[in-house]
1. Can you list residues whose amide H is under 5 Å from Cys36's amide H, if they're 5+ apart or on another chain and H is modeled 1.01 Å from N?
2. Under the definition of Cα pairs under 8 Å and six or more residues apart, what whole-number percent is the relative contact order of the stretch 66-328?
3. Which residue, Cys133, Thr173, Gly83, has the largest displacement toward the positive end of the dipole of the stretch 66-328 when charges sit on each Cβ (Lys, Arg +1; Asp, Glu -1)?
4. Quick check: the distance between the Cα centres of the stretch 305-346 and the stretch 93-126, to the nearest angstrom?
5. Of the listed peptides 308-321, 331-344, 249-262, what is their order by residue-averaged count of other C-beta atoms within 10 Å, with the highest listed first?
6. Report the Cα centroid-to-centroid distance between the stretch 23-63 and the stretch 202-244 in angstrom, as an integer.
7. What is the ratio of the Cα radius of gyration of the stretch 159-274 to 2.2 N^0.38 Å, with N the residue count, to two decimals?
8. Quick one: which of 93-101, 34-42 comes out on top by average Cβ neighbours within 10 Å, and what's the full order, highest first?
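No lab work stands behind these numbers, since they all come straight from the coordinates. For clarity, every value in this text was computed on a predicted model and none was experimentally measured. No Cβ is skipped: glycine too gets one built from the backbone with ideal geometry, and neighbour counts run over all protein chains shown.
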Amino acid sequence: MSELTILQKTMRLHEARWWEPENGGRAHCYLCPRHCRIHPGQAGFCFIRVNQGGKLYSLGYGAPAALQVDPIEKKPLNHFLPGTRVFSMGTAGCNMGCFFCQNWDISKSRQDQVRSQAVTAEDVPLLALQHGCDSIAFTYNEPTIWGEYVIDICAAAREYGLKTVMVSNGYITHEAFRDIYAQVDAANIDLKAFTEGFYGKITLTHLEPVLETLEWLKNETKVWFEITNLMIPTLNDDAGETRRLAEWILGRLGPDVPLHFTAFHPDFKLRDKARTPPETLHRARAMAREVGLNYVYEGNIYSDGAHTACAGCGELLIRRSWHEVIENRLVDGACPKCLLAIPGVWSKSAGQQRLSKMGRSTEEKYGHLNL
Ligand code: SF4
C-alpha cells in the first residue's frame, strides 16, 4: 500500500488553497517560495501538503499535533497583551530545513508520524476560553503550511473576541500572505540571520523572501509584529552582521518594532555548537539600541534585557523574569511618567465574558485532551 493510501485511510483530507493544476496531474503549490511541483501520490517539501489524484490537500487541517497553554511572552511577544495566556497549537511538518530546529520532533515529521488530535476550527476558541486564554497562537511548527486551518480558526476566534498570533519563519508568498495576515492580529517573525549564506546552508531557504514579508507586514497590514533573532555561536553572531540586521530594521521598519535576541541551545543537527553566552546577547542588544531601535530584548536567559523601558524617558514600564511579568506600570498603554504612548496592543478582549454562554458541551467533547 502506498504512503498516501495509508494517509487516506487514516486522515480526513481537506482540499488546500494556493495551488494550481499542471500537466501530468502535478499540483503547483504557491503557498511558500519553494513553489513545489508535486506529482500524484507525493507530498511537498513540508510533508503535509499532498497531491491526490491531481488535487492538493492539506493534511494538517483540523489535526493539531501539539496543544499547550503558554505565557504570551514565550512566543515571544512583549508588546502584545503582556502577562496573558495564549492557547498555542502546531501540526507536523515545516517548509524550512533548519539544522537547529528546537521542535524537530514535529517539524521534521509527517502528519502520520505524530500523535495528532481532531479539533475543529470552530472549537479552538472554545478550548482557548476554557483554559483562560486571551489569544490563540499558531506556533511550534510553521503555521504558513497549514494556512487554511489558521484562517478558519481566526474567523471563529473573532466571534469570541479572541486575538490570534502567527509565530512564523516568514517564508510565504505574497498571495498567501495577503490571505492569512488579513486575519491575524499579531505575529512574531524569525529573522534567523542576516546573510544569504546562513539561510542557504543552515535553513535550506533564502533570506530575501523573509525580508519582503517583514516589509509587507509594515506597509500593507495593521498586524502587530515583533522580530526574533536566535543567536548561534560562530554561525550568525558576528557583530557586523548584528549591526547590519539592526540597521535594516531601523531603515525599513522603523525604530519601534521590538527585536528579541534569544539564546540557542544545542539541538537536532547542531548539537556540536555551544549555548549562546549571555554576553553575546548583551552585546547585540547594546548594539541594536545604539543603532536606534527603541525596544530590544534578550530571551532564553535571565536578564534585565527582558524588561520594557520607556523610549522617551527611560522609566521602567514592565518588569519580567524569564517569561513572567512581575510588574506592569503602563497606564492605558502609556508611560506613567512622561505619558509617551508605547507602541503595542495593551488592552484585553471581551472574550472571557462570553465563556458563560458556551455551555458544557465543548468541555465534555475535549475533556480528554492533555494540555
Ligand atoms: S507550502 Fe509546502 S508544498 Fe507548498 S510550496 Fe511550501 S514547502 Fe512546498
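1. Distant-sequence amide H within range of Cys36: Cys29.
2. Relative contact order here is 15 percent.
3. Final value for the positive-end residue is Gly83.
4. If you average the Cα positions of each part, the centres end up 34 Å apart.
5. Result, highest mean first: 249-262, 308-321, 331-344.
6. 27 Å
7. The value comes to 1.11.
8. 93-101, 34-42
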